[in-house]
1. Please pick out the residue among V589, V602, V594 that is β-branched (V, I, T) and surrounded by fewer than 13 Cβ atoms within 10 Å (Cβ to Cβ).
2. Check whether at least one residue in segment 198-220 is surrounded by 19 or more Cβ atoms within 10 Å (Cβ to Cβ), touching a helix residue (DSSP H, G or I) at 6+ places or on another chain (Cβ under 8 Å) and under 27 Å from Q39 (Cα atoms), and report yes or no.
3. Which members of segment 42-63 meet the condition of being at negative phi and of a type outside the set (V, I, T)?
4. Among the residues of segment 119-126, is there at least one that is in contact with a helix residue (DSSP H, G or I) (Cβ under 7 Å, 6 or more places away or on another chain), crowded, with 23+ Cβ neighbours inside 10 Å, of a type in the set (V, I, T) and assigned by TED's automatic domain parsing to the domain that holds K17?
5. Quick one: in segment 177-219, of everything that is in a loop (DSSP other than H, G, I, E, B) and among the β-branched types (V, I, T), which residue is modelled with the lowest pLDDT?
6. Does segment 361-381 contain at least one residue that is without any contact (Cβ under 8 Å) to a residue 40 or more places away in the chain, more than 17 Å from the chain's Cα centre (by Cα) and under 28 Å from E106 (Cβ atoms)?
7. Please specify each residue of segment 115-148 satisfying the condition of being assigned to a loop (DSSP other than H, G, I, E, B) and among the aliphatic types (A, V, I, L, M).
8. Among helices (runs of 4 or more DSSP H) lying entirely in segment 1-112, which contain 2 or more residues that are surrounded by fewer than 13 Cβ atoms within 10 Å (Cβ to Cβ) and either of a type in the set (D, E) or touching a residue at least 12 places away in the same chain (Cβ under 8 Å) (or both)?
Amino acid sequence: MIYNWKDTYESRRTGPKDALSKIRKGARIFIGSACGEPQLLVRTLIDIAPNLADTEVIHFLDIGTTEYTDEKYNESFRHNALFIGWSARKAIQEGRADYTPIFLSEIPLLMMRGRMPINVALISVSPPDKNGYVSLGVSVDITKTAAESADYVIAEVNPNMPRTLGDSFLHVNEIDAFVENDMPLLEFFQKIPGEITRSIGEHIAELIENESTLQMGVGRIPNSVLPCLINKRDLGIHTETLSDGVIDLIEAGVITCRKKTLHPGKVIASFCMGTRRLYEYVDNNPLFEFRPCKYVNDPYVIAQNDKMVSINAALTIDLTGQVNSDSLGFRFYSGIGGQVDFVRGSSLSRRGKSIMTLPSTTDDGMRSRIVPYLEPGSGVTVTRGDIHYVVTEFGAAYIHGKSIRDRAMELINIAHPKFRDELLEAAKRQGYVYKDQILPSVLYPKEYETVWTDKKSTQVFFRPVKPTDERAIQDLIYALPEQDVYTRFFQNLKSFTHKLAMPMAAIDYNDKMAIAAVVGKEEPESKEKIVAVGRYVRDPNTDYAEVAFTTDHRWQDRGIGTFLLQYLIQIAKEKNIKGFTADVLSQNVPMMKVFSKAGYPVKTNLEYGVYELEIPFGQERRGHVNL
């Protein structure tokens, strides 16, 4: 096989029309994917359209360079998209072409089991190497399986096709006809991220830990995260598709793949879409292994990567967490692709995460993309049971394993502000949330997030309280000893109901401010916990604010109360509050010590066993307090 390959190649080398002349009417033709499309063969196929009839064209991720979906070719071709590109979208919506919804990992099984038999495969390959092997280059995905399953394989041999390594090779003996062409490969240029996509990328980057392995779906939003990862360490890649952005992170030493638990030291991919720079970079580069998607997209393979993170885009998400990614109502728009494969694989991964991304509104800003319910006809691509994180430009919501009420509140909290009230009203009508539920009137002030180390060298995350913290605040109160409850509320509370907790969580961040001390994170293998809360409420008549603190008894005597007081003073001064007031039981010595460290003079008045405190900010601070 090795020694006679040149004779075989020469005997099968021919022109495009001659190679295609063997296609019978009614055949099923597979065309190589995305930027690996065999351009000369496809153009010639269109030229011979009058000789064909009822020819089914199978395509995954057509990037729209051909016109065989035009209405004038209806008698010759019937397009069947396994993922809908823009050129096929109109034909499918008009009923002139078909869409087959299926997981990318299962498409090869259709071909191998004869459920989707391939009569002819048109593929694009690199020139043969010295042993007679051609590489499928930028498009291994389902192309390799199609070529191995087809009755007749025509390869467009292009010297511009990179020789990618991995399970990406076919021998010339496995190919029936060779057509040579030196046309430049198709290039895919990512749009420059706008402000919204950059913001989404920044929120996603905050969720990605060092040594994570990443998958990024197709589109500008998943790829917007790449520039935001420049400060991460030892990231790995296991993804269906690659874009140019990975090059910068590899050259910066961010993507090393050294810590991967599966294929360490290797970038694993199925195809790539980018520019000539990317194609030249992957050419004969042993860092990259290209494999068919029957392997790359297998959820059980994906799950073998520890800290596997999948990043994919959605069209809409409803308040229960159902994700629609392939249709706009009854109009099919894209496809399932590898999204579900990687959502499930990352969910099964040790310390894995799946992230769904979308802008909060449509491009014209007229409609929310977080919706009360999916539009009739919209498909559920990812179920409400699968979803982990949802990210918009307004933040990240972790909803996996949470109740409908909790996830509805989490999703409303990251929706566009102009749609939050109507989403809340819809959630009330649908019985998802409390009928008296309220929301903050202003945006969450992310600028007040900070990290501080306590006396026991434990890092504590401080952030403004959110409406979604209601249950966490209740947990904090219920965990307090009875004496702590009495010193905080001046009474023995029998319960701390929604009516008491909601006003403490849904605040306006101006006249009412609350800062939570948080340990842990909201993610699959851990849970965020509030261990302390400091809050103030402004009196509009005096511009003084009453301040109060609640700290888990296991986290007392670690400096948290002192930090909270000083941090709240800093914020209150920015809000033009003149000072703080507080009522403290005389036996509450620890709290009095906290106020003595405010950095400002404290005026006290003792009446009936209660200290009435006043801390004016107008006077000089005593010493320097480092926040």
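The values are calculated or read from the model by the stated rules, or taken from the named source; none is laboratory data. Just so it is clear, the structure is predicted and the values come from calculations on it, not from any experiment. Cβ: placed from backbone, ideal geometry, glycine included. Neighbour counts: every protein chain shown.
1. V589
2. Yes, that holds for at least one residue.
3. Across segment 42-63, the qualifying residues are R43, L45, D47, A49, P50, N51, L52, A53, E56, H59, F60, D62.
4. Yes, the conditions are met somewhere in segment 119-126.
5. Result: V218.
6. no
7. M116, I118, L136, V138, V140, I142, listed by residue number.
8. Passing ranges, in order: 5-12.
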